[in-house]
Amino acid sequence: MIVLGIETSCDETGIALYHTEQGLLGHALHSQIAMHSEYGGVVPELASRDHIRRTLPLIKQVLKHSNVRLPDIDAIAYTQGPGLAGALLTGASIGTALAFALGIPVLNIHHLEGHLLSPLLSKPAPRFPFVALLVSGGHTQLMQVDGIGQYRLLGETVDDAAGEAFDKTAKLLGLGYPGGQSLANLATRGQAGRFKLPRPMLHSGDLNFSFSGLKTAVALLISKHEAAPQTHADIARAFEDAVTDVLVEKSLSALEMTGLQQLVVAGGVGANAQLRQKLSHRLTALGATVFFPELEFCTDNGAMIALAGALRLQHINGAPRIADSFTVKAR
Ligand code: KG4
Ligand code: ZN
């Protein structure tokens, strides 16, 4: 079975074809970051219009690169939400119309389910059950994943998402939007320990997070010190150290509380190198395993939606299984 995945929830048009036996046949992504960056954030109206322009040409491109004809598609999966209404509507309309014309099933996929399952696109893949740390621009959650559709929320942020905190702090430091990667780059030049920021809710006794106070603490540091490049790098380092420490400790607590041995990291902040290093180091020491999606599948993409759609279809039809091979990448 071949599933076409369509992701248009925010500022990325992602299209992919996932084959239930052969794995990912191809995928393509168009990022709107350059378009939105001059406004310092995503402009919903511009996002919708760009999705309208890009979606069909990208579908054609992926079909061509993957050597698949439209009638070969067995089902269509699109991102149902959460996201920007107009942007979501584009993917939903195109996906539903195509499925109707082809007479095939259409699946509406929760965006976070796509992120949760994205590590299954890489090899080696985790096996159910596992704990997932979902860290994106809109969400920060720890989930227990027992199987397709069997998700239990263990903890979540009570205010800002981790990615949102990265973006807001990056803005305070004069970096562009989205700021996660630029802040991480700046932090590599920072001196660890020059500034010490709090580790919010580290000892709260639950698996919840809070990141909005860190942004305020950074604003205070910036106002108290001269705007020298090294000072900004040191502040970026202090911020990244604080966020990643909390994410790592809470993830370890989630493993301890559930008794599980596998942690999956998903969402844009999962691309953060320091987070990856710390988690790998700490989990290896405990004999547990951490799984990260390929970098291109950490942020929003169509492959995770096509995969989630394929797994849902298989789940409806019988036992779900994940294709053994991870193949061609179309760009
Ligand atoms: O999952 P995603 O693409 O979109 C949402 O569903 O939100 O995540 C985007 C978020 C942004 O906040 C971005 O700044 C952050 O992921 N991000 C990073 C890094 N790369 C992307 N944050 C920290 N370090 C990174 N290397
Ligand atoms: Zn996302």
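The values are calculated or read from the model by the stated rules, or taken from the named source; none is laboratory data. As the structure is a prediction and not an experimental result, all values here were calculated from the model. Glycine gets a Cβ as well: all are built from the backbone with ideal geometry, and neighbour counts include every protein chain shown. All accessible areas refer to the heavy atoms of the entire protein, side chains included, with ligands and DNA or RNA removed. Shrake-Rupley method; radii C 1.70, N 1.55, O 1.52, S 1.80 Å.
Quick notes on this one:
- Any hit, segment 185-204, residues being within 16 Å of ligand 2 (Cβ to nearest atom) and of a type outside the set (Phe, Trp, Tyr): no
- Matching residues in segment 149-166 - criterion: being aromatic (Phe, Trp, Tyr) and open to solvent by less than 10 Å² (accessible area, probe 1.4 Å): 166
- Hits in segment 276-308 (condition: more than 16 Å from ligand 2 (Cβ to nearest atom) and part of a helix (DSSP H, G or I)): 276, 277, 278, 279, 280, 281, 282, 283, 284, 285, 286
- Per the conditions (1) open to solvent by 50 Å² or more (accessible area, probe 1.4 Å); (2) part of a loop (DSSP other than H, G, I, E, B); (3) in contact (Cβ under 8 Å) with a residue 12 or more places away in the chain, the sole criterion not satisfied by residue 146 is (2).
- Matching residues in segment 113-138 - criterion: being within 12 Å of ligand 2 (Cβ to nearest atom) and either buried (at least 21 other Cβ atoms within 10 Å of the Cβ) or in a strand (DSSP E or B) (or both): 113, 114, 115, 116, 118, 134, 135, 136, 137
- Against the test of being under 29 Å from residue 167 (Cβ atoms), surrounded by fewer than 23 Cβ atoms within 10 Å (Cβ to Cβ), of a type in the set (D, E, K, R) and away from ligand 1 (no atom under 16 Å from the Cβ), the options 12, 45 yield a single qualifying residue, 45.
- All positions within segment 12-45 that are within 14 Å of ligand 2 (Cβ to nearest atom), free of Cβ contacts under 8 Å to residues at least 40 places away in the same chain and in a loop (DSSP other than H, G, I, E, B): 32
- Selection status of residue 191, within 26 Å of residue 113 (Cα to Cα) and not acidic (Asp, Glu): no
- Checking each residue of segment 34-42 against the condition of being surrounded by 24 or more Cβ atoms within 10 Å (Cβ to Cβ) and either out of contact with any Gly (no Cβ under 7 Å at 6 or more places or on another chain) or of a type in the set (Val, Ile, Thr) (or both) gives no match.
- As a summary of the residue check, residue 186 satisfies the conditions (1) surrounded by fewer than 22 Cβ atoms within 10 Å (Cβ to Cβ); (2) modelled with pLDDT of 95 or more; (3) more than 19 Å from the chain's Cα centre (by Cα) except for the one numbered (1).
- Test: residue 199 is over 27 Å from residue 15 (Cβ atoms) and part of a loop (DSSP other than H, G, I, E, B): yes
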